[in-house]
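Peer 1: The structure that follows is given in the form of structure tokens.
Throughout, read-outs are computed from the coordinates displayed, never taken from laboratory work. Owing to the predicted nature of the structure, the values given are computational and were not obtained by experimental measurement. Backbone-built Cβ (ideal geometry, glycine too); neighbour counts: all protein chains shown.
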Amino acid sequence: TDSTTCLHVPSIGLAVCGDALYNDVHLHLGESNAEGRKEWIAALDKIESLKPVAAIAGHKRPGAPDTPSNIEATRKYIRDFDRIAYHTKNALDLYNEMLAIYPERVNPAVLWYSAQAVKPGN
């Protein structure tokens, strides 16, 4: 989401990251372009630079731990999506390759929507 906000509480090492951070859920990338995803990664870099002890994702699997490792996991997912989108010819191939890498993440419908948005009509 463009212009999302992160609340940092340094006294307790907390970062409440809103839409910038996902935790074991497929990312909603259907409304972002490649440049927007680069900005998203830059936002994650900034959140990581805060060195939070706990990072609360705006989208998460219920019960998943709120660890800062989700920052790198979110960043990796975006990079994987961009890499696979670059070399696949259609939405189904993009969807299937991402699902092969991230089979346990919840809400695969969001991945399908994202793949269709990046590879429309294919």
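Peer 1: Let's see if you can work this out: charge +1 on each Lys and Arg Cβ, -1 on each Asp and Glu Cβ, no other charges. What is the dipole magnitude of region 1-57 about its Cα centre, in debye to the nearest 20?
Peer 2: Using only the charged Cβ atoms, the result is roughly 200 debye.
Peer 1: Starting from the Cα of K76, step 7 Å along the direction of its Cβ; do the same at E35; then give the gap between the two resulting points in nm.
Peer 2: Computed distance between label sites K76 and E35 equals 3.0 nm.
Peer 1: Something else now. Based on the alpha-carbon set only, what is the convex hull volume of the chain divided per residue, in Å³?
Peer 2: Spread over its residues, the Cα hull of the chain gives 85 Å³ apiece.
Peer 1: Run the count for region 7-118, please: Lys pairs, Cα-Cα under 19 angstrom, 8 or more apart or on different chains. Could the numbers behind the result be given before it?
Peer 2: Working: K38/K46; K38/K76; K46/K76; K51/K76; K60/K76.
For region 7-118, qualifying lysine pairs total 5.
Peer 1: Here's another thing I want to ask about it. By how many degrees, between 0 and 90 and to the nearest 10, does the Cα long axis of helix 108-118 differ from the longest principal axis of the chain?
Peer 2: It works out to around 60 degrees.
Peer 1: Also, I was wondering about something else. Roughly what would the spin-label model give for S11 and T67, points 7 Å off Cα along C-beta, in nm?
Peer 2: 2.8 nm
Peer 1: Please state the relative contact order of the chain as a whole percent: Cα pairs under 8 Å, 6+ residues apart?
Peer 2: 31 percent
Peer 1: So, R0 is 30 Å and r is the distance between the beta-carbons of A54 and N90; what FRET efficiency does that work out to, to 0.05?
Peer 2: About 0.15, to the nearest 0.05.
Peer 1: Which of V25, V53, V16 has the fewest other C-beta atoms within 10 Å, and how do the rest follow up to the most?
Peer 2: Ordered from fewest to most neighbouring Cβ atoms within 10 Å, V25, V53, V16 come out as V53, V16, V25.
Peer 1: Counting Lys and Arg as +1 and Asp and Glu as -1, each charge on the Cβ, what is the dipole of the chain about the Cα centre in debye, to the nearest 20? Intermediate results must be reported in sequence, preceding the final value.
Peer 2: On the way: 13 positive and 15 negative charges, 24 e Å.
With only Lys, Arg, Asp and Glu charged at Cβ, the dipole is about 120 debye.
Peer 1: Quick check for you: which residues of region 60-87 have the amide N under 14 Å from the point 7 Å beyond the Cα of V106 toward its beta carbon?
Peer 2: Of the residues in region 60-87, 60-66 have backbone N under 14 Å from the label point off V106.
Peer 1: Restricting to DSSP H runs of at least four residues, report the calculated mean residue ellipticity at 222 nm for the chain, -39500 (n - 2.57) per run over all residues, nearest 500 deg cm²/dmol.
Peer 2: -15000 deg cm²/dmol
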